[in-house]
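Input: a single structure, listed below in structure tokens.
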């Protein structure tokens, strides 16, 4: 090639903008042009629900960088309202159209980066294009929702899709005074969680008066007589709404790439190697439009999140400039705040492992306080840790709680990334003062419980096997706790009386012990197994029971 | 040996209590006796300052477990107010005294665990035993301080020692309405930090009207005419006080061990191997009394913290029961809250590296927001990352900020523990939503800056070399920022004009660039080096300048 590098970047949000800025830092001489179909680059799409909720009041604060700033500080040319319509890979040029003037033109390149993002899924059902039905992808979308709220004063909203964006929208619509119903085809909210971990999230939503309509799909949208909308479902429900927000996920924008003959993966994203190169020489792709490798399951996945997109943009820039930087794949770390509750996860859920055909794992549950219980403000965290058997490699973790969930998942995410085991969590040396954690941090506790299982000190029973088990169920909580609610058929032997009452237990049956959260039952299980009984612990205790049997 | 295991544990707080409980889980048949000289076991010594400050109101909430609970649930015998006075290692028995009855007796053992803790340092200066001079080790100590406050209504307190406990006491005494002066022999607060990182902590203390009297030592305590106290210093200051709190660190309690011929380390702690065995067969030691290996410097250290003590207790129990569990050493992770500011650190500071003779390192600074700046409540974090050159192994990190400092240090602590490099931080996949972090998390940013240095994309200047440098100093902030305050002798070339004004810069001198926090200067440095200049970046920008030149 020789001479000046000329890089065209299609899409100027997270991945595209990061790539452009990194390119400039690596090559002061390169000509860099960013094409953006919309009016903005580098906007804060993760902030859109909060703009709707007026937590973020000024639209300007969503605009993280302007074309003018890119030009002045980075000497990068940004063409907003310009759409790239065709790639001539052999000729190394693209065709673009100025959406304002309608003028079409071609632009040659030495390297091309595709960062087109993903578009909201809009199922082709009757009424989907009715006024009052919204998607949430960009600033104009959220401006339209705000406009609808301020001019129409809607009372009832239906949000379709109970994943991150849907629940964030539910919260923010509730914040604006609307009563909100969330509909999802799945029987749970937050599909990143396993169902029993999603249960506290559902309860939390309900205490904030969000109606959940789960396990049922949208089939049509009709106008009602009163000028509102009605959402119809497969099960025959008719949900009235003054507005409907769709958050059914996003579909990689691959038409441009497909038309150019670039390989598309099985999941519908652009296929890239670990330098973010597509199948076509001279063309890279990054962000929500690409498929990446999940480092836990080893499988390709779509992960439309800003963090990985930014890092992919850097990798592509490095690769274009001849550097051998690799994108290591993703663990799928994510977080969502819902009415003051934090839901965070990293790695694979049990569901995801089963879907990937991975069966050699175990799960433990814990419900520790986020900081010392004697310090005011202690709140319970709900955590699940999934690990490989017998190696103990951390496969995934989920945490739900008012405070500290993101911190624990971040620590475990770093551990997952480094291929760590539950024994590393057991030994983690983390910040401890009473307002920040516990001397045995929840991360340590998760590791210790898992390590107990792997060392053979603790046999686990599975909640899924509870119904119809022949085992003797023993609840070792105190009588007043037992009286307040217990598992059908469980007998109550408080831990303090356990050694004296061992003789009342049969030796020819398995004994499944539990307590409130698992700590006392662990002692009971140790006593039993050392006394020659076959004991298993129902992990996470009565608190987890509620997740499985709500 | 054969037969029933009989384990005696000297000391029943963090390490001792953990060891006892773990022993019971491993060996249902063992006889386990805990000797505690004081009135309580398992008390929350990290909560003591907050009990003084009445954040924690009830004394009972500091008592995490009672002898009765240990007996009932764990079948562990606890003897409070019993002091172990002598060890007969050859005969495998100890001598103990019941402090209430005065009765002395001996007790044989098969294994002995020493968990005596550490006692507050009290220098032998005139007046040290005056009424109104307090140490803070246990519940009775803090009860005495509360009593003094409620009966004497003191107005002025002097706290001697500006480490964790001293600053926590300063905050809690201020909370009780006292005006507080903190005295320390060092010229900085929080010795776990490097001095420039301690500077924002000092400023924060001063905004909360804590007087700092640094770089000066206490020489005597006198009574004043009015019935109060006066603290005299080496520099001749006379600091009046109605009460004085000593927080000069803790000294391992090793007399019992020393008398028994057990090896004591160079730092004055009991020497143990990685199974927590002392030099004497049949005797283990854990907690604040022992020396442990720092995994970063490889050197022995004293680290009187509850987390490591608990884990050491578990390791000793495992070892006693014949399991090959090892204590991996410590990174020194710690945290402290001071008037709403969090100070957290892991690994080694620059000071500690120099003291350990380690010179092949570099440091970077950053001052990112703890979460997306467009989301309400964004607050600045101050971070320092120290890493080995050229490998990039993470040697240490320090963080100071109102929110999110503990989270970032916990993630980096896990990285340090796993022997990770700054390249792993660069690639860390952490929880991101606008209220939790940034798409490029502060941990990523720290890794990216360090990686830029290691890849040769960025040369750093050292702030220590600023005075008397022959380099040209260029400040690339905007003129209004420059006008509000700048480094003496710096010229101002805003980044937006940088490319046009390159010709005004000399090619025969080094050019040291900086901005507010480092981001814009990084672009300027990249432009300069690609244009053939020799450019260095002053890391952390004007914000870090203030740390070095307060």
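The values are calculated or read from the model by the stated rules, or taken from the named source; none is laboratory data. These numbers come from a predicted model, not from an experiment. Here the Cβ positions follow ideal geometry from the backbone for every residue, glycine too, while neighbour counts run over all protein chains shown.
Take the conditions touching a strand residue (DSSP E or B) at 6+ places or on another chain (Cβ under 7 Å), surrounded by fewer than 23 Cβ atoms within 10 Å (Cβ to Cβ) and not in a loop (DSSP other than H, G, I, E, B) and apply them to residue B:174. Does it pass?
Working: touching a strand residue (DSSP E or B) at 6+ places or on another chain (Cβ under 7 Å): yes; surrounded by fewer than 23 Cβ atoms within 10 Å (Cβ to Cβ): yes; not in a loop (DSSP other than H, G, I, E, B): yes.
So residue B:174 fits the description; yes.
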Of (1) assigned to a loop (DSSP other than H, G, I, E, B); (2) away from chain B (no Cβ under 11 Å); (3) modelled with pLDDT of 95 or more; (4) within 28 Å of residue A:145 (Cα to Cα), residue A:90 satisfies every one except (4)
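Mind listing just one residue for me: the one in segment A:421-442 that is part of a helix (DSSP H, G or I) and in contact with a strand residue (DSSP E or B) (Cβ under 9 Å, 6 or more places away or on another chain) and, of those, surrounded by the most Cβ atoms within 10 Å (Cβ to Cβ)? Full working, then the answer.
Residues of segment A:421-442 that are part of a helix (DSSP H, G or I), as a first pass: A:422-426, A:442.
Restricting the remaining residues to those that are in contact with a strand residue (DSSP E or B) (Cβ under 9 Å, 6 or more places away or on another chain) gives A:422, A:424-425, A:442.
Numbers: A:422: 29, A:424: 22, A:425: 31, A:442: 28.
The extreme case among them is A:425.
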Note: among B:301, B:321, just one is over 23 Å from residue B:188 (Cα atoms) and surrounded by fewer than 22 Cβ atoms within 10 Å (Cβ to Cβ), namely B:321
Reported set for segment A:478-515 where residues are within 14 Å of chain B (Cβ to nearest Cβ) and under 36 Å from the mean Cα position of the chain (by Cα) is A:513, A:515
Taking segment A:398-420 and keeping only residues that are away from chain B (no Cβ under 11 Å) and either assigned to a strand (DSSP E or B) or free of Cβ contacts under 8 Å to residues at least 12 places away in the same chain (or both), one is left with A:398, A:400, A:401
Residue hits (segment A:516-525; under 19 Å from residue B:22 (Cβ atoms) and either surrounded by fewer than 21 Cβ atoms within 10 Å (Cβ to Cβ) or more than 14 Å from chain B (Cβ to nearest Cβ) (or both)) are A:517, A:519
Filtering segment A:27-56 for residues that are under 17 Å from residue A:115 (Cβ atoms) and facing chain B (nearest Cβ under 8 Å) leaves a count of 2
Scanning segment A:328-350 residue by residue, the ones that are at the interface with chain B (Cβ under 7 Å from one of its Cβ atoms), surrounded by fewer than 24 Cβ atoms within 10 Å (Cβ to Cβ) and not in a strand (DSSP E or B) total 1
Check your understanding: Is it the case that some residue within segment B:461-477 is under 26 Å from the mean Cα position of the chain (by Cα) and surrounded by 22 or more Cβ atoms within 10 Å (Cβ to Cβ)?
Key -> no
TODO: Return a yes/no flag: does segment B:102-117 have any residue that is surrounded by 17 or more Cβ atoms within 10 Å (Cβ to Cβ) and either in the same structural domain as residue B:238 (by TED's automatic domain parsing) or under 30 Å from residue B:219 (Cα atoms) (or both).
DONE: yes
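For segment B:276-322, name all the residues that are in contact with a helix residue (DSSP H, G or I) (Cβ under 6 Å, 6 or more places away or on another chain) and within 14 Å of chain A (Cβ to nearest Cβ). Break it down into steps so the answer makes sense when it comes.
Applying the first criterion (in contact with a helix residue (DSSP H, G or I) (Cβ under 6 Å, 6 or more places away or on another chain)) to segment B:276-322 yields B:276, B:284, B:286-287, B:304, B:306, B:309-310, B:312-314, B:316-317, B:321.
Answer for segment B:276-322, where residues must be in contact with a helix residue (DSSP H, G or I) (Cβ under 6 Å, 6 or more places away or on another chain) and within 14 Å of chain A (Cβ to nearest Cβ): B:276, B:286, B:287, B:304, B:306, B:309, B:310, B:312, B:313, B:314, B:317, B:321.
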Of B:454, B:395, B:425, B:385, the only residue that is more than 7 Å from chain A (Cβ to nearest Cβ), touching a residue at least 12 places away in the same chain (Cβ under 8 Å) and over 27 Å from residue A:23 (Cα atoms) is B:395
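Mind checking whether some residue in segment A:8-23 is away from chain B (no Cβ under 14 Å) and more than 20 Å from residue A:321 (Cβ to Cβ)? Before the answer, list the steps.
The first filter runs over segment A:8-23 and keeps only residues away from chain B (no Cβ under 14 Å), leaving A:8-12.
Subsequent filtering for residues that are more than 20 Å from residue A:321 (Cβ to Cβ) retains none.
There is no residue in segment A:8-23 that is away from chain B (no Cβ under 14 Å) and more than 20 Å from residue A:321 (Cβ to Cβ).
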Across (1) in a strand (DSSP E or B); (2) under 17 Å from residue B:318 (Cα atoms), residue B:35 clears everything bar (2)
Within segment B:57-87, the residues that are away from chain A (no Cβ under 11 Å) and on the phi > 0 side of the Ramachandran plot are B:81
Picking from A:295, A:270, the residue that is modelled with pLDDT of 95 or more, closer than 27 Å to residue A:90 by Cβ and touching a strand residue (DSSP E or B) at 6+ places or on another chain (Cβ under 7 Å) would be A:270
Requested in this report: Return yes when residue B:105 is out of contact with any helix residue (DSSP H, G or I) (no Cβ under 8 Å at 6 or more places or on another chain) and under 26 Å from residue B:306 (Cβ atoms) and no when it is not.
Outcome: no
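Condition test on residue A:538, is it more than 10 Å from chain B (Cβ to nearest Cβ) and buried (at least 22 other Cβ atoms within 10 Å of the Cβ)?
The answer is yes for residue A:538.
With the structure loaded, tell me whether residue B:116 is in contact with a helix residue (DSSP H, G or I) (Cβ under 7 Å, 6 or more places away or on another chain), more than 14 Å from every other protein chain (Cβ to nearest Cβ) and in a loop (DSSP other than H, G, I, E, B) or whether it fails that test.
Yes: the conditions hold for residue B:116.
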